[in-house]
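Okay, structure first, notes after.
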């Protein structure tokens, strides 16, 4: 497979203005499109060594378009080589390009192989599109409810979740680089722990295609989040 990481070296200045996600401090996981991806492992390009792995063939996703395509009915999922741990009241950012195949009641993007920590899409209305994002931090589950129904459909999209640092812990959601207004401001200052990709706790399996995913142990904002969004939307054709 052609490695996009190698191809990027000659186009970063013209296409991405010289920016790479590693230019932002506190990058803890980077599943980079078309770089070190196979059915059994997706290499972590952050430098932290958190490669995601799945040795059981029946639980492996399909390599497609430089990422992994998960099928919920087959229980596709992966585990990181080491856990991402974020302290209570510490900021963090999860940014990923995804295309949901369909939307079941709850579908996890990140989990802990436990019911205590996860980030998932949910569609309580029962439609074929996700209405909200739910995240469990510490001992509290918080629903992020953007204005308008069916915000997260089955089209390819960039989703970024930011938790601001501090005692309040405001949760922000961006879609395709634009901040989504919320019915009321979601907040959760609890600690975050993630080790699984595509499942919560051997349940709530993802049904969709992850093209790229990054986790930062800081609330990315300002020019940095603009550069990150521009990088991902340009690179992945959004």
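The values are calculated or read from the model by the stated rules, or taken from the named source; none is laboratory data. Since the structure is predicted, the reported quantities are computational estimates derived from the model, not experimental observations. Counting neighbours? That spans all protein chains shown, and the Cβs are built from the backbone with ideal geometry, glycine included.
For the range 46-83, filtering for residues that are part of a strand (DSSP E or B) and crowded, with 21+ Cβ neighbours inside 10 Å leaves 6.
Scoring residue 155 on the criteria (1) free of Cβ contacts under 8 Å to residues at least 60 places away in the same chain; (2) crowded, with 22+ Cβ neighbours inside 10 Å; (3) under 17 Å from the mean Cα position of the chain (by Cα) leaves a single failure, condition (2). The single residue among 183, 203, 176 that is surrounded by fewer than 20 Cβ atoms within 10 Å (Cβ to Cβ) and closer than 17 Å to residue 113 by Cα turns out to be 203. Would you tally the residues in the range 220-237 being in a helix (DSSP H, G or I) and surrounded by 18 or more Cβ atoms within 10 Å (Cβ to Cβ)? The number of residues fulfilling the criteria is 8. Scanning the range 13-31 for residues that are farther than 16 Å from residue 93 by Cβ and either exposed (fewer than 15 other Cβ atoms within 10 Å of the Cβ) or at pLDDT 95 or above (or both) yields 13, 14, 15, 17, 18. Go through the range 162-172 and give me each residue that's surrounded by fewer than 21 Cβ atoms within 10 Å (Cβ to Cβ) and within 22 Å of residue 28 (Cα to Cα). The answer is 164, 165, 166, 170, 172.
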